[in-house]
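Encoded as structure tokens, the structure appears first; notes follow it.
The values are calculated or read from the model by the stated rules, or taken from the named source; none is laboratory data. Bear in mind the structure is a predicted one, so any value in this text is a computation, not a measurement. We place every Cβ from the backbone using ideal geometry, glycine too, and count neighbours over all the protein chains shown.
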Protein chains: 2
Amino acid sequence: MPVGAAHIAVHDMPDEFELIRRLAATQRGVREDVVLGIGDDGAVLAPTRVSELVAVCDTLVAGRHFPLDTDAFAIGWKALAVNLSDLAAMGAMPQWALLALTLPERDAAWVERFGTGFAALAKMSSVALVGGDTTRGPLTITVTALGAVASGRALRRDGAQVGDHVCIAGVLGEAALGLRAVQAQRRDDPAFAHCIARLDRPEPQLALGQALVGIASACIDVSDGLVADLGHVAIASGVGIRLDLDAIPHPPFELGARLGLDARTIVDLALGGGDDYLLAFTLDPAQIDEVRERVAALGLDLRDIGVVVPGAGVSLITREGGDYVPARAGFNHFGNDDGE
Amino acid sequence: MPVGAAHIAVHDMPDEFELIRRLAATQRGVREDVVLGIGDDGAVLAPTRVSELVAVCDTLVAGRHFPLDTDAFAIGWKALAVNLSDLAAMGAMPQWALLALTLPERDAAWVERFGTGFAALAKMSSVALVGGDTTRGPLTITVTALGAVASGRALRRDGAQVGDHVCIAGVLGEAALGLRAVQAQRRDDPAFAHCIARLDRPEPQLALGQALVGIASACIDVSDGLVADLGHVAIASGVGIRLDLDAIPHPPFELGARLGLDARTIVDLALGGGDDYLLAFTLDPAQIDEVRERVAALGLDLRDIGVVVPGAGVSLITREGGDYVPARAGFNHFGNDDGE
């Protein structure tokens, strides 16, 4: 990699960029608020006048955030999904995305498949790809996504009140179990198809986040693990959170058994396996019935998994009233802010 | 790099992120339009009501876009600078930035120095760092920058008219010569201090870009090389561009001679060495005097380097009227759109 040569043209993968440009073009017209898209020094966008802008940014590194043998379609999808999940957690409506793609080699087929996955979710979510950069180097993908939320109404981490209930709308630990299945070479086993789909093509809960605007007192994306992420809510809100272990939805124990995983491991995957692109949120108990209806209208099932209590940190209790301490090392983050 | 472990916490460099958070905090209060900065799932920003939003995104890969021995301060500065130069080329006023930092190891001193460089330019340019991501992997930095431009007034590539003059306001090829000096182990030679500073700490022409809004018919950042980038303007505008070789400002030939570079090489560095974070723009000749005054008020010197002609592509003529064909391979891009 001669540094001098790179300085001739910083943006040195024209073919791939041309491909992405073509893929982006398939979305042209999707959004009328794109004044000028890909092809100039910058994109020009027309923010909604009564809204605030929400900006999020996440990077995926090959071999670290996804297995090296992941299909390029899934990587493209997921690179956008992890960002849209952050927008969902803010209650924002997604609008635009920028894609920085660092690739080890010119592989037009890979880029096309990557772009197709990215575009599939973008189309589904009314997101326009408006800019980005392609560079040569170890496979790394950074997406910045922008969205709108009514002024002053963004969902935040710092509003949880003592007495609120903690809720989610989905099953936790599925992606982590899907990863175990992939690692055990069971990618083609239909029993794991659902969990592997959750790993490869997570569907950000955008409609849910928007439905919670003005209702939820706090909201967060739990992709770093339920307990770790609720720890952020606890710190930001200055409260404690007590979770009811038996109320936390997890994959069937039988499915784990097929991989030789015991029940406790499955529960721990649900508590902290990560890669669950679900929202956790806090609600005044008086609003739960109304929210349950709204959530049902989205085809989701509201799960009431705990309460906000005075104090600090996240604790887990069993139905018998005992404390539960997960076995995994990840949980020494308990109640600590371990960063973004 | 165990994939499974990474799934416990996607954002796995808490110490460094904490550092960046602290650095970002030093800029708190710089901008009142940051409703919610670093520390939630997303940043909440208040766009100016009468403006459009300009979004740009650029990646730097270690060993490719900067020499591996570059000081971390310079890398931090430059990662923001390359983006601000794109905003400048759109005529935008920068507001916010998001930083995705992929690092091979936990090195707090490096991050602190990187962050200090980033923050130095951010402060100078009134940019607030509002979000980002830190991940483990090969050193790669992606910055997304956002800015504002009055609605409908962004400077674009596609407005150059036949008869317009092509102008710049600065000397070309200095960064490329600085790189040659670094490669020749002359980093400490005071003769090259200016050129190396242009390489390491380019100053985006933000005030110039804003001064050109409503005046320049087209504008572009020439960081990929003057001729290559003007080729983009020619294509986008459907015109040809004829440059006056003798009018193009380049570093002194004596400086090149110190590195054993001949005059022709110096001229070629000015034409396509790259890493010049300068704007090239086209002006109706009737406006040149007014622009020259505005540019002088910014402490810059307007250089009239060519004209927009019917046809296509970029050509170079000498004062004697002969055609000049640069020697470097990079110039087979001549007049071709070689992508972003």
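Based on this model, can you work out whether A:Ala88 counts as out of contact with any Cys (no Cβ under 7 Å at 6 or more places or on another chain), more than 7 Å from chain B (Cβ to nearest Cβ), surrounded by 22 or more Cβ atoms within 10 Å (Cβ to Cβ) and more than 21 Å from B:Ala154 (Cα to Cα)?
yes
If B:Ala211 satisfies all but one of (1) closer than 27 Å to A:Ile38 by Cα; (2) among the aliphatic types (A, V, I, L, M); (3) surrounded by fewer than 24 Cβ atoms within 10 Å (Cβ to Cβ); (4) touching an Asp or Glu at 6+ places or on another chain (Cβ under 9 Å), what's the number of the condition it fails?
Of everything listed in (1) closer than 27 Å to A:Ile38 by Cα; (2) among the aliphatic types (A, V, I, L, M); (3) surrounded by fewer than 24 Cβ atoms within 10 Å (Cβ to Cβ); (4) touching an Asp or Glu at 6+ places or on another chain (Cβ under 9 Å), B:Ala211 misses just condition (4).
Answer yes if at least one residue in the range B:17-25 is within 7 Å of another protein chain (Cβ to nearest Cβ), at pLDDT below 55 and part of a helix (DSSP H, G or I), and no otherwise. Break it down into steps so the answer makes sense when it comes.
The initial filter retains those residues of the range B:17-25 that are within 7 Å of another protein chain (Cβ to nearest Cβ), namely B:17-18.
From the residues that got through so far, the ones that are at pLDDT below 55 too are none.
No - not one qualifying residue is present in the range B:17-25.
If B:Ser85 satisfies all but one of (1) more than 16 Å from B:Gly274 (Cα to Cα); (2) in contact with a Pro (Cβ under 6 Å, 6 or more places away or on another chain), what's the number of the condition it fails?
(1)
Would you confirm, using the coordinates I've provided, whether B:Gly152 is assigned to a loop (DSSP other than H, G, I, E, B), at positive phi and within 14 Å of chain A (Cβ to nearest Cβ)?
Judged against the criteria, B:Gly152 is a match.
Based on what the data block shows, is A:Asp188 free of Cβ contacts under 8 Å to residues at least 40 places away in the same chain and not in a helix (DSSP H, G or I)?
Working: free of Cβ contacts under 8 Å to residues at least 40 places away in the same chain: yes; not in a helix (DSSP H, G or I): yes.
Taking the combined requirement at face value, the residue satisfies it.
Would you mind stating whether B:Ala228 is buried (at least 24 other Cβ atoms within 10 Å of the Cβ) and either out of contact with any strand residue (DSSP E or B) (no Cβ under 6 Å at 6 or more places or on another chain) or in the same structural domain as B:Ser126 (by TED's automatic domain parsing) (or both)? If you could, list the steps in order and put the result at the bottom.
On the way: buried (at least 24 other Cβ atoms within 10 Å of the Cβ): yes; either out of contact with any strand residue (DSSP E or B) (no Cβ under 6 Å at 6 or more places or on another chain) or in the same structural domain as B:Ser126 (by TED's automatic domain parsing) (or both): yes.
Yes.
Conditions (1) assigned by TED's automatic domain parsing to the domain that holds A:Val267; (2) under 18 Å from A:Asp275 (Cβ atoms); (3) not charged (D, E, K, R), marked per residue:
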{"site": "A:Leu121", "(1), (2), (3)": "no, yes, yes"}
{"site": "A:Gly159", "(1), (2), (3)": "no, no, yes"}
{"site": "A:Arg180", "(1), (2), (3)": "yes, yes, no"}
{"site": "A:Leu206", "(1), (2), (3)": "yes, yes, yes"}
{"site": "A:Ile215", "(1), (2), (3)": "yes, no, yes"}
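Could you list, in sequence order, the residues of the range A:290-311 that are closer than 25 Å to A:Gly240 by Cα and surrounded by 15 or more Cβ atoms within 10 Å (Cβ to Cβ)?
Residues satisfying the conditions are A:Val291, A:Arg292, A:Leu302, A:Arg303, A:Asp304, A:Ile305, A:Gly306, A:Val307, A:Val308, A:Val309.
Going through the range A:66-120 one residue at a time, which ones are free of Cβ contacts under 8 Å to residues at least 60 places away in the same chain, among the aliphatic types (A, V, I, L, M) and not in a loop (DSSP other than H, G, I, E, B)?
Across the range A:66-120, the qualifying residues are A:Ala72, A:Ala97, A:Leu98, A:Ala100, A:Ala109, A:Ala120.
Can you say whether A:Arg187 is surrounded by fewer than 20 Cβ atoms within 10 Å (Cβ to Cβ), within 14 Å of the chain's Cα centre (by Cα), among the basic types (Lys, Arg) and away from chain B (no Cβ under 12 Å), as far as the supplied structure shows?
no
Which of (1) among the hydrophobic types (A, V, I, L, M, F, W, C); (2) within 30 Å of A:Ser237 (Cβ to Cβ); (3) without any contact (Cβ under 8 Å) to a residue 24 or more places away in the chain is the odd one out, the single condition A:Ala175 does not satisfy?
(3)
Collect the residues in the range B:37-65 that are of a type in the set (A, V, I, L, M, F, W, C) and free of Cβ contacts under 8 Å to residues at least 60 places away in the same chain, keeping them in residue-number order.
Of all residues in the range B:37-65, those of a type in the set (A, V, I, L, M, F, W, C) come to B:38, B:43-46, B:50, B:53-57, B:60-62.
Within the range B:37-65, B:Val44, B:Ala46 qualify.
Would you be able to tell me the number of residues in the range B:91-114 that are touching a Gly at 6+ places or on another chain (Cβ under 8 Å), surrounded by fewer than 24 Cβ atoms within 10 Å (Cβ to Cβ) and aliphatic (A, V, I, L, M)?
Total satisfying the criteria: 2.
What's the total number of residues in the range B:115-128 that are crowded, with 20+ Cβ neighbours inside 10 Å and either on the phi > 0 side of the Ramachandran plot or more than 18 Å from the chain's Cα centre (by Cα) (or both)?
From the range B:115-128, those crowded, with 20+ Cβ neighbours inside 10 Å are B:115, B:117-119, B:121-122, B:125, B:127-128; that's our starting set.
Of the ones still in play, those that are also either on the phi > 0 side of the Ramachandran plot or more than 18 Å from the chain's Cα centre (by Cα) (or both) are B:115, B:128.
Total satisfying the criteria: 2.
Matching residues to (1) within 14 Å of chain A (Cβ to nearest Cβ); (2) assigned to a helix (DSSP H, G or I); (3) buried (at least 24 other Cβ atoms within 10 Å of the Cβ):
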{"residue": "B:Gly178", "(1), (2), (3)": "yes, yes, yes"}
{"residue": "B:His194", "(1), (2), (3)": "no, yes, no"}
{"residue": "B:Ile215", "(1), (2), (3)": "no, no, no"}
{"residue": "B:Ala236", "(1), (2), (3)": "yes, yes, no"}
{"residue": "B:Ile241", "(1), (2), (3)": "no, no, yes"}
{"residue": "B:His250", "(1), (2), (3)": "no, no, no"}
{"residue": "B:Leu255", "(1), (2), (3)": "no, yes, no"}
{"residue": "B:Leu261", "(1), (2), (3)": "yes, no, no"}
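Quick check on the range B:200-207. Is at least one of its residues at pLDDT below 95, over 22 Å from B:Ile317 (Cα atoms), under 21 Å from the mean Cα position of the chain (by Cα) and assigned to a helix (DSSP H, G or I)?
Yes, because at least one residue in the range B:200-207 is at pLDDT below 95, over 22 Å from B:Ile317 (Cα atoms), under 21 Å from the mean Cα position of the chain (by Cα) and assigned to a helix (DSSP H, G or I).
Being buried (at least 23 other Cβ atoms within 10 Å of the Cβ), facing another protein chain (nearest Cβ under 7 Å) and at pLDDT 65 or above, is that true of even one residue in the range B:31-40?
yes
Need the failing condition index for B:Gly117 against (1) under 21 Å from B:Ser217 (Cα atoms); (2) more than 11 Å from every other protein chain (Cβ to nearest Cβ), just the number.
For B:Gly117, the exception is condition (1).
Output the number of residues of the range A:165-176 satisfying the condition of being outside any strand (DSSP E or B) and more than 14 Å from chain B (Cβ to nearest Cβ).
Just the residues of the range A:165-176 that are outside any strand (DSSP E or B), to begin with: A:169-176.
Checking which are more than 14 Å from chain B (Cβ to nearest Cβ) leaves us with A:169-171.
The total comes to 3.
Consider only pairs whose beta carbons are under 6 Å apart and that are at least six residues apart or on different chains; among these, list those whose first residue lies in the range B:197-218 and is over 15 Å from B:Ala88 (Cβ atoms) and whose second residue is small (Gly, Ala, Ser) and in a loop (DSSP other than H, G, I, E, B).
Cβ pairs passing all conditions: B:Ser217/B:Gly159; B:Ser217/B:Ala160.
Starting from residues that are assigned to a loop (DSSP other than H, G, I, E, B) and either touching a Ser or Thr at 6+ places or on another chain (Cβ under 9 Å) or of a type in the set (Phe, Trp, Tyr) (or both), keep the ones in the range B:41-65 and report whichever is farthest from the other protein chains (Cβ to nearest Cβ).
Only one residue tops the list, namely B:Val50.
Based on this model, can you work out whether B:Ala160 counts as part of a loop (DSSP other than H, G, I, E, B), more than 10 Å from chain A (Cβ to nearest Cβ) and crowded, with 24+ Cβ neighbours inside 10 Å? Lay out the reasoning, then the answer.
Values: part of a loop (DSSP other than H, G, I, E, B): yes; more than 10 Å from chain A (Cβ to nearest Cβ): yes; crowded, with 24+ Cβ neighbours inside 10 Å: yes.
When the stated conditions are applied, B:Ala160 passes them.
In the set B:Asp338, B:Asp289, B:Asp304, which member is at pLDDT 85 or above, among the acidic types (Asp, Glu) and farther than 14 Å from B:Ala216 by Cβ? Quick ask: steps written out before the conclusion?
Details: B:Asp338 fails: at pLDDT 85 or above; B:Asp304 fails: farther than 14 Å from B:Ala216 by Cβ.
The match here is B:Asp289.
Condition check: in contact with a Phe, Trp or Tyr (Cβ under 8 Å, 6 or more places away or on another chain) and at pLDDT 95 or above. Does B:Leu279 satisfy that?
Working: in contact with a Phe, Trp or Tyr (Cβ under 8 Å, 6 or more places away or on another chain): no; at pLDDT 95 or above: yes.
It is false that B:Leu279 is in contact with a Phe, Trp or Tyr (Cβ under 8 Å, 6 or more places away or on another chain) and at pLDDT 95 or above.
Can you tell me how many residues within the range B:298-318 are under 24 Å from the mean Cα position of the chain (by Cα) and either under 13 Å from B:Ala234 (Cβ atoms) or touching a residue at least 40 places away in the same chain (Cβ under 8 Å) (or both)? If you could, list the steps in order and put the result at the bottom.
Taking the range B:298-318 first, the residues under 24 Å from the mean Cα position of the chain (by Cα) are B:298-308, B:313-316.
With either under 13 Å from B:Ala234 (Cβ atoms) or touching a residue at least 40 places away in the same chain (Cβ under 8 Å) (or both) added as a condition, the list becomes B:298, B:300-308, B:313-316.
The number of residues fulfilling the criteria is 14.
How many residues does the range B:263-299 contain that are among the hydrophobic types (A, V, I, L, M, F, W, C) and closer than 30 Å to B:Val325 by Cβ?
Of the residues in the range B:263-299, the ones among the hydrophobic types (A, V, I, L, M, F, W, C) are B:263, B:266-267, B:269-271, B:278-281, B:283, B:286, B:288, B:291, B:295-298.
Filter once more, so that each one left must be closer than 30 Å to B:Val325 by Cβ: B:263, B:266-267, B:269-271, B:278-281, B:283, B:288.
Total meeting the criteria: 12.
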